[in-house]
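The values are calculated or read from the model by the stated rules, or taken from the named source; none is laboratory data. Values in this document were obtained by computation on a predicted structure and should not be read as measured data. All Cβ positions, glycine included, derive from the backbone under ideal geometry; neighbour counts span all protein chains shown. SASA here: full protein model, heavy atoms, side chains in, ligands and nucleic acids out. Shrake-Rupley method; radii C 1.70, N 1.55, O 1.52, S 1.80 Å.
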Amino acid sequence: MHGRLKLRPSEAQAAARRREREEKLRLYRTAMAAILEKRRRGRLDGEALALTAAVLAANPDVGTLWNVRREALARPPPGWAAAELALVGGCLGVNAKSYGAWHHRGWVLGRAAGAAAGEGALCARLLAADPRNFHAWEHRRAVAGPEGTEAELAFAASLLARDFSNFSAWHYRGALLGAARTPGPAGTLPPAQLRQELELVHNAVFTDPNDQSAWVYLRCLLSRARPPPAIICLYVNREDATLAATFSRPVMVTAGSPELELTVDEAPADVSWRSAEGRPRPGHVWLCDLPPDALEPPSARRRFRVTWRPGPAHRDVTLEPDSDESWSREPVAPQELFWPEMGGADPAVLREQVETCRELLELEPRSRSSLLTLSFLLCCLDPAAHEAESQRCLQALLEADPLRGGFVRDLRSRAAAAAGILRLQQEEEEEEEGREAPPPLAGPRLRLAGCELTSLPLLERLGLLTRLELGGNRLRGPPAGLGGLRRLRVLDLSHNEVATLAGLPPLPRLEELLLDGNPISHAPALAPLAACPRLARLGLAGTPLAAAPGAAAHLAELLPRVEVALA
């Protein structure tokens with residue numbers, strides 16, 4: 001125990017303890033040998049049960065002995081269940097987290113009708129000693145059943161009334177309420193139940209705003225069932241003879257997968273799918289090469305449909321006569337950008353929680369959980385409209401909790417990206433309203449320079465982007481997901497922390513790449529650019545490579561058709 005003086009035992013005491021351990025070991029080996037011999041001979045009788053009980057009472061973690069008991073009880077005698085439960089109860093007194101003992105208790109209850117009457121009291125006693133005993137929590141939920149939900153909610157509430165930081169009780173309460181959620185994509189709690197839970201959370205956070213348990217539970221309350229993957233964008237290009245399908249969530253598609261189907265003018269097309277990132281793992285964007293007859297003649301009008309069978313989900317795109325490219329995409333919803341699960345809650349409920357967090361921050365300005373939750377809520381409501389306040393919250397959180405700086409900076413990056421995407425969408429809508437002709441092929445441009453970005457998520461929402469400006473950030477490499485930007489012509493990564501382009505996927509239309517002011521020191525770090533066939537200009541001013549002897553000649557050999565700016 002902490003704070004107690006430890007005294008070295010005398011020589012006689014040490015010898016006595018050693019003899020005691022040796023005697024226990026001898027008895028254990030003798031008993032185990034006898035049990036295993038009886039098992040080998042198929043004589044699992046009353047003596048075998050007595051021997052296993054004696055050993056398990058001292059060490060309940062010998063899984064083999066629990067197996068022996070179950071074999072011996074294949075034909076149980078009368079009253080066996082009560083005796084087994086008493087044995088397991090004694091073993092749990094030795095080790096309350098013994099996997100073998102808990103498993104055996106569940107096995108007994110599954111074969112003895114009506115034996116679960118006292119299980120709630122046992123679990124309550126063990127949880128009073130250790131509120132984090134997950135074995136007791138799971139066992140209690142299993143024996144309670146759906147009909148005992150109200151009583152179990154009351155039990156969890158009684159523990160929380162004694163200690164709001166009991167995360168296990170919060171988790172248990174959330175698991176019980178999982179069955180009460182409404183079916184379908186929303187998957188939220190009924191309004192009356194949600195109001196009751198929110199009141200409980202408010203009592204907890206105003207009691208101790210720095211305890212994370214209730215805040216985590218709040219985010220779980222406001223969550224919804226994760227929606228199935230949806231196809232949010234299709235892009236077809238006649239020149240490349242490719243089609244790109246972008247999903248709302250990463251999916252895994254094998255080359256000849258029947259799950260992802262393509263039809264051209266209602267006729268099935270035999271195509272092979274590949275990841276836009278060039279790696280065989282789940283991704284947002286999947287590409288296929290179109291059959292020659294799907295694009296000929298150029299004067300023909302073609303309709304492409306991609307269907308995702310597990311969803312099910314589908315999307316169509318039409319390539320007009322003599323057009324080089326076409327696309328079909330789903331508008332971006334603000335609540336789906338930053339926190340899709342939490343964003344499914346009723347906006348009115350989210351706004352109420354925003355006011356609660358603001359009120360709490362007036363009392364506790366450096367409450368880390370309040371700052372984090374408020375930033376989540378603001379971004380769920382509208383990342384662009386609340387960008388300034390959410391960034392102030394995250395900056396305050398970074399100052400209050402510097403040990404988690406990486407996590408906070410990534411959140412800040414996601415918030416900035418979400419706000420930038422919504423601004424871009426608004427600009428496009430305003431531009432289209434004032435233009436009679438369709439937008440030119442120049443395409444959209446996203447500016448996120450000087451935003452302190454450490455990452456750039458949500459690129460799956462930018463599949464039609466042609467210019468991406470990320471200068472003056474803290475990126476250490478090309479953002480993941482660039483392979484889905486099939487129309488990208490200009491990429492500005494100047495004055496970041498990029499030392500290598502390893503992992504950069506092929507970008508078929510990239511014409512200009514700016515890497516000025518990055519710590520790139522050797523030409524092989526640029527090797528992935530050889531897979532970008534249209535790259536015409538590369539900026540490397542202010543890099544260590546620009547000052548290296550012979551850099552120009554080496555780059556000319558590596559990228560012969562590219563104009564390299566070293567100064």
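Note on the range 351-403: Cα convex hull, mean projected area over all directions, 3.3 nm². Using equal-weight Cα scatterers in the Debye expression, the normalised intensity of the range 458-567 in log10 at q = 0.13, 0.16 Å⁻¹ is -0.42, -0.64.
Out of VAL55, PRO505, PHE407, whose Cα points farthest toward the positive end of the dipole of the chain (charges: +1 Lys, Arg; -1 Asp, Glu; placed on Cβ)? Working it through, the farthest residue towards the positive pole turns out to be VAL55. Highest mean packing comes first when the peptides 387-400, 261-274 are listed by Cβ atoms within 10 Å, giving 387-400, 261-274.
A Cβ-based charge dipole, computed about the Cα centre of the range 106-226 with Lys and Arg at +1 and Asp and Glu at -1, lands at about 340 debye. Rounded to the nearest 20 debye, the dipole size of the range 359-433 about its Cα centre is 800 debye, using +1 on the Cβ of Lys and Arg and -1 on the Cβ of Asp and Glu. Ranking ALA300, PRO334, CYS288 by Cα position along the charge dipole of the range 282-334, where only Lys, Arg, Asp and Glu carry charges on their C-beta atoms, puts PRO334 farthest toward the positive end. Peptides 417-427, 190-200, ordered by how many other C-beta atoms sit within 10 Å of their residues on average, highest first, read 417-427, 190-200. Look at the Cα gyration tensor of the range 109-241: its axes a ≥ b ≥ c give a/c of at least 1.5 with a/b over b/c, and that counts as prolate.
Taking every protein chain into account, the accessible area of the range 131-222 amounts to 48 square angstrom per residue (probe 1.4 Å).
Give me the percent of Cα-Cα pairs in the range 357-452 that sit more than 20 Å apart, rounded to a whole number. Result: 46 percent of Cα pairs exceed 20 Å.
Computed on the Cα atoms alone, the convex hull of the chain gives a volume of 272 cubic angstrom per residue. How many percent of the alpha carbon pairs in the range 191-239 exceed a separation of 18 Å? That tail contains 52 percent of the Cα-Cα pairs. Report summary: the helix-based calculation at 222 nm, which adds -39500 (n - 2.57) for every DSSP H run with n ≥ 4 and divides by the residues of the chain, gives -13500 deg cm²/dmol. Mean Kyte-Doolittle hydropathy of 0.0 or higher plus an axial Cα length of 18 Å or more: which whole DSSP H helices in the chain meet both? Result, helices passing both filters: 46-58, 80-94, 149-162, 368-381.
Calculated on the alpha-carbon coordinates, the convex hull of the range 380-428 measures out at 58 cubic angstrom per residue. Solvent-accessible surface of the range 415-535, taken per residue with a 1.4 Å probe and all protein chains present: 39 Å². Ranking PHE376, LEU397, LEU36 by how far each Cα lies toward the positive end of the dipole of the chain (charges on Cβ) leaves LEU36 at the top. Largest accessible area first, the residues MET342, MET32, MET252 order themselves as MET252, MET32, MET342 under a 1.4 Å probe with ligands, DNA and RNA left out. Under a model in which nothing but the beta-carbon of Lys, Arg (+1) and Asp, Glu (-1) is charged, the chain shows a dipole of about 3600 debye around its Cα centre.
The trypsin sites (Lys or Arg not before Pro) of the range 490-567 meeting both criteria, a DSSP state outside H, G, I, E and B (loop) and at most 10 other C-beta atoms within 10 angstrom of the site's C-beta, are ARG561.
Between the range 231-292 and the range 15-57, the alpha-carbon centres lie 64 Å apart.
Taking the alpha carbon gyration tensor of the range 10-81, multiplying each eigenvalue by 5 and rooting it gives semi-axes of 30, 13, 9 Å, largest first. Relative to one another, the C-alpha centroids of the range 452-515 and the range 522-559 are positioned 17 Å apart. Extension gain, ARG41 to THR318, is 92.1 nm, computed as 0.36 nm per intervening residue step minus the present C-alpha separation. Placing THR500, THR188, THR242 in order of accessible area, with the largest value first and a 1.4 Å probe, yields THR500, THR188, THR242. Applying the Kirkwood pairwise sum to the alpha-carbon positions of the range 105-183 produces a hydrodynamic radius of 13.1 angstrom. Across the accessible surface of the chain, with the other protein chains kept in place and a 1.4 Å probe, carbon and sulfur atoms take up 54 percent. For the range 90-126 versus the range 373-430, the spacing of their alpha-carbon centroids is 48 Å.
For the range 25-175, dividing the convex hull volume of the Cα atoms by the residue count gives 105 Å³ per residue. Entry comment: accessible area of the range 17-78 is 68 Å² per residue, from protein heavy atoms only and a probe of 1.4 Å.
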